[in-house]
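Working notes, structure below.
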Amino acid sequence: MKTVSDFSKDIGPAESDGRLDAPAFHRNAEPLRGVLTEVLAGRTGDVVEIGSGTGQHIVFLGASLPDLVFWPSDPNTGHVASVDAWRRHAQITNVMPATQLDVRQPWVLGDKPVAPGSLTAILCFNVIHIAPWDVALAVLASAGQLLRPDGVLILYGPYARDGQHTALSNATFDQTLRARDPEWGVRDLLDVTAAAQEAGLVRQLIFEMPANNLTVVFQRVAAS
């Protein structure tokens, strides 16, 4: 089954305990923390991260947002091991053990299914362009069901806008991705927004980020 990129093949362990180190984390951690502390300020409850990768982001954000409980997940066993290695290294208590999760299947965290309307937020960083489009659709559909009425889905990564890439670097990146796997590629924000609306989400905020990336916040539309 095709899935997201495997960091462990490209990076290797940063430490003997299994922690992986993604160079991109060091470039975007502070900008992402600035956005998330603004969007999630004053909130409590459970936050699921989809595609936690190395685990560096969720541990970093967990330390910055101690009133939230973070649930990391990833379909790759090596990534799950790295997340838990970073948790142990940081000795952080509001980040739960990582779950091996394919978002196209029912969401189970730990040993419990995620209840409808129970999540404060879902985070999905640098995932939907290195995964088939049905992964993006699954994330959006689940967000529409599992978020609280005021819950938010926060996506981060490169996006085309109205059919055009926003930078030459993104166009080149898109070509590289599609050469690796024709089901991958930089997504158009128009397509993502339309699919989100079908799932019961409304686009709320867009933050311009370094390196021609965007952070896009969708909120669940409360049932009338």
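A few comments on the model shown:
- LEU205 long-range amide H proximity, modeled H, under 5 Å: VAL217
- For GLY163, net neighbour charge (Lys/Arg +1, Asp/Glu -1) across residues whose Cβ lies under 10 Å away: -2
- For the stretch 55-76 and the stretch 165-224, distance of Cα centres in Å: 22
- Karplus-derived HN-Hα couplings along the stretch 134-142 (A = 6.51, B = -1.76, C = 1.60, θ = phi - 60°), whole Hz, x at Gly and Pro: 5, 5, 4, 5, 5, 4, 5, 5, 5
- Carbon/sulfur fraction of accessible area - the stretch 124-178, other protein chains in place, 1.4 Å, %: 54
- Tail weight of P(r) past 22 Å, computed on alpha-carbon pairs of the stretch 84-221, percent: 42
- Label-to-label distance, nm, for residues given as GLU198 and SER118 (7 Å Cα→Cβ offset): 2.7
- Within the shell defined by Cβ-Cβ distances under 14 Å, the residues around LEU61 carry a net charge of -2, with Lys and Arg each +1 and Asp and Glu each -1.
- Extending 7 Å from the Cα toward the beta-carbon at both ASP162 and ARG88 defines two label points whose distance is 5.2 nm.
- Two-site FRET efficiency, ALA171 against ALA29, from Cβ-Cβ distance with R₀ of 22 Å, rounded to 0.05: 0.30
- For the stretch 86-94, the Karplus equation 6.51 cos²θ - 1.76 cosθ + 1.60, evaluated at θ = phi - 60°, returns couplings of 5, 4, 5, 5, 7, 6, 9, 9, 9 Hz by residue, with Gly and Pro reported as x.
- Close amide-amide hydrogen proximity is noted between ALA98 and ASP84, each under 5 Å apart and 5 or more residues distant or on a separate chain (H modeled in the peptide plane; Pro and chain starts excluded).
- Label-to-label distance, nm, for residues given as ILE206 and ASP188 (7 Å Cα→Cβ offset): 1.4
The values are calculated or read from the model by the stated rules, or taken from the named source; none is laboratory data. Since the model is a prediction, treat every value here as computed from it, not as a measurement. Here the Cβ is made from the backbone with ideal geometry for all residues, glycine too, and neighbour counts use every protein chain on show. Just so you know, the surface numbers come from the protein's heavy atoms only, side chains and all, with ligands and any DNA or RNA stripped out. Shrake-Rupley method; radii C 1.70, N 1.55, O 1.52, S 1.80 Å.
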